[in-house]
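Structure record follows, encoded as structure tokens.
The values are calculated or read from the model by the stated rules, or taken from the named source; none is laboratory data. Fair warning: this is a prediction, and the values are worked out from it, not measured in the lab. Don't worry about glycine lacking a Cβ; one is built from the backbone with ideal geometry, like all the others, and counts go over all protein chains shown. Protein only, heavy atoms only, side chains kept; ligands, DNA and RNA dropped before computing areas. Shrake-Rupley method; radii C 1.70, N 1.55, O 1.52, S 1.80 Å.
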Amino acid sequence: MDPEPPHVLIFPLPLQGPINSMLKLAELLCLSGDLHVTFLVTDHIRGRLLHHTNIQTYFSRYPGFDLASISDGLPENHPRLGDQLTEMFDALEAVTKPLFREMLVSGEMGSGSRRPPVTCVIADGILGFTIDVAKEIGIPVICLRTISPCFLWIIFCLPKLIEAGEIPFKDNDLDAPIKSVPGMEDFLRRRDLPSFCRSGNLTDRIFKRYLMESKQVSRADGLILNSFEDLEGPLLSHIRTLCPNLYTIGPLHAHLKSRLAIQNLPSSFSSTSFRKEDRSCLEWLDQQPYKSVIYVSFGSLATMTGDQLMEFWHGLVNSGERFLWVIRPDSVVGKNWESYISEELREGSKGRAYIVGWAPQEEVLSHKSVAAFFTHCGWNSILESIYEGVPMICWPYFVDQQVNSRFVGEVWKLGLDMKDTCDRFVIEKMVRDLMEERRDEFERSADHMANLARQSVSEDGVSRRNLDRLIEDVRSLSLQGSHIQSPN
Ligand code: UDP
């Protein structure tokens, strides 16, 4: 009798950024032909995907694909945003973990269709319980981290930072250098460390979760990173000392585009957004001069105060540049953001500004009128910007964004880092610097990096070869149900 076909279950962290990149991986695996792929999301996310995207009709072209869902243990009206994300992690551990176990043991994915048993799990590495469950049942498990490798390396070094007495901080000087992260000794400061290091509380639940991460991830059969070797080569060598079986297959969104183009398949997928996209901004962009607009967006989770909103508004308007700004309805704490903007302020930006609640970001960044990106430095946003060769101004919010912005400004020279300030004069100056004064310099480095990103996902690129190796390993792991040898 022929063995059952390999069946990969992909379990992303239930947030917009991770879903975006892991759904792209799911499609890349479907394109390999013989794999069954179950994309497991929470009931909450499933509802949003079905409401805002054409996921079901689009993926019906892949007979091996299935969308399944599981409870995240939270009430439907929970915001699943900002500070309240800790509650989501707790609920996933308490409620979702046993359900996930039951699902794998019974083979019942709840989607109604008959599926072969799961032979390999690919889960977000921060969901440590997925590794526990897969190991207990004897299913091979590969982790995927959708955050930046530079952040991941800092996380792996947390025990060293504690041992060296560099965290908790001994005083309030956030510019003090950090020396215990190999490869970053020359430029890392306290303010560039993950935001949760600032609390000084090493017993904090978030801190403890990340402290465990290197131990958890190194138990998996491999680690997939959404990055490419030319961007972070030296750091990746450090990560390999703990996770030798590393698959750098990014940028995933570009990888999928390239693969679909090679196979001559159109992508009619609307998007992976859980929110209604306002596509009118593309028409507005069509009417703007070539490379004249700065796109402003702080992702799906960051929030700001009304005062910060006003600083941004004044800074952007006073810069004299055109801007397209994504202000999510839930992005300003407390009040509706429109109540902060007077008629006079609106007048000041008339004709030069366009505001939407959610944009088709990948299309915006590839638009010929877009010259720069004011970003919170979420990892997907950075990769999307790098791929399109768009320089950035960084205003990081939390988690990996503090170190990502340091890399953008200091290591890759792809833009300016504005972290820890929100002042209209600084904003105005940075926008002018990026759009005018230092424009050539940033455009040159952005073009160079965009070319490297494109090469990495081309037919003979390193990310492409790594994806092929991942698919081969998934097949052989599925057959063996056991560990594989690391490539080194
Ligand atoms: N995004 C989008 N429209 C918007 C803002 C964001 O489609 O108006 C997408 C963006 O392209 C990216 C994701 O949402 O893929 C945000 O992920 P990221 O890692 O940048 O930040 P997060 O939202 O996780 O903080």
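Taking the conditions exactly as written (more than 15 Å from the ligand (Cβ to nearest atom) and out of contact with any helix residue (DSSP H, G or I) (no Cβ under 9 Å at 6 or more places or on another chain)), does residue 389 satisfy them or not? It is false that residue 389 is more than 15 Å from the ligand (Cβ to nearest atom) and out of contact with any helix residue (DSSP H, G or I) (no Cβ under 9 Å at 6 or more places or on another chain).
Of all residues in segment 15-40, those being within 16 Å of the chain's Cα centre (by Cα), away from the ligand (no atom under 13 Å from the Cβ) and either of a type in the set (Lys, Arg) or farther than 19 Å from residue 116 by Cβ (or both) number 1. Selection of segment 290-306 for residues being touching a residue at least 60 places away in the same chain (Cβ under 8 Å), away from the ligand (no atom under 14 Å from the Cβ) and open to solvent by 30 Å² or more (accessible area, probe 1.4 Å) yields 290, 291. On inspection, residue 362 qualifies as open to solvent by 10 Å² or more (accessible area, probe 1.4 Å) and near the ligand (Cβ under 9 Å from one of its atoms).
Being touching a residue at least 60 places away in the same chain (Cβ under 8 Å) and in contact with a strand residue (DSSP E or B) (Cβ under 9 Å, 6 or more places away or on another chain) is a property that does not hold for residue 262.
Evaluate the following for residue 91: is it open to solvent by less than 20 Å² (accessible area, probe 1.4 Å) and within 30 Å of residue 260 (Cβ to Cβ)? Criteria not met by residue 91. Do we find that residue 98 is open to solvent by 30 Å² or more (accessible area, probe 1.4 Å) and within 28 Å of residue 299 (Cα to Cα) in this structure? No: the conditions fail for residue 98. Screening residue 109 with (1) under 21 Å from the mean Cα position of the chain (by Cα); (2) buried (at least 19 other Cβ atoms within 10 Å of the Cβ); (3) more than 27 Å from residue 210 (Cβ to Cβ) gives one miss only, at (1).
Which is open to solvent by 20 Å² or more (accessible area, probe 1.4 Å), without any contact (Cβ under 8 Å) to a residue 24 or more places away in the chain and under 30 Å from residue 384 (Cβ atoms), of 83, 173? Matching residue, one of 83, 173: 83. Among the residues of segment 233-269, those that are surrounded by 15 or more Cβ atoms within 10 Å (Cβ to Cβ) and within 16 Å of the ligand (Cβ to nearest atom) comprise 250, 251, 252, 253, 254, 255, 256, 257, 269.
Scanning segment 135-163 for residues that are part of a loop (DSSP other than H, G, I, E, B) and either buried (at least 17 other Cβ atoms within 10 Å of the Cβ) or in contact with a Lys or Arg (Cβ under 7 Å, 6 or more places away or on another chain) (or both) yields a count of 6.
Is there a residue being open to solvent by 10 Å² or more (accessible area, probe 1.4 Å), in a helix (DSSP H, G or I) and within 24 Å of residue 223 (Cα to Cα) anywhere in segment 125-134? Among the residues of segment 125-134, at least one is open to solvent by 10 Å² or more (accessible area, probe 1.4 Å), in a helix (DSSP H, G or I) and within 24 Å of residue 223 (Cα to Cα), which makes the answer yes.
The rows are residues; the columns are (1) away from the ligand (no atom under 15 Å from the Cβ); (2) in contact with a helix residue (DSSP H, G or I) (Cβ under 7 Å, 6 or more places away or on another chain); (3) at pLDDT below 95.
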site	(1), (2), (3)
368	yes, no, no
373	no, yes, no
396	no, yes, no
413	yes, yes, no
446	yes, no, no
449	yes, yes, no
455	yes, no, no
469	yes, no, no
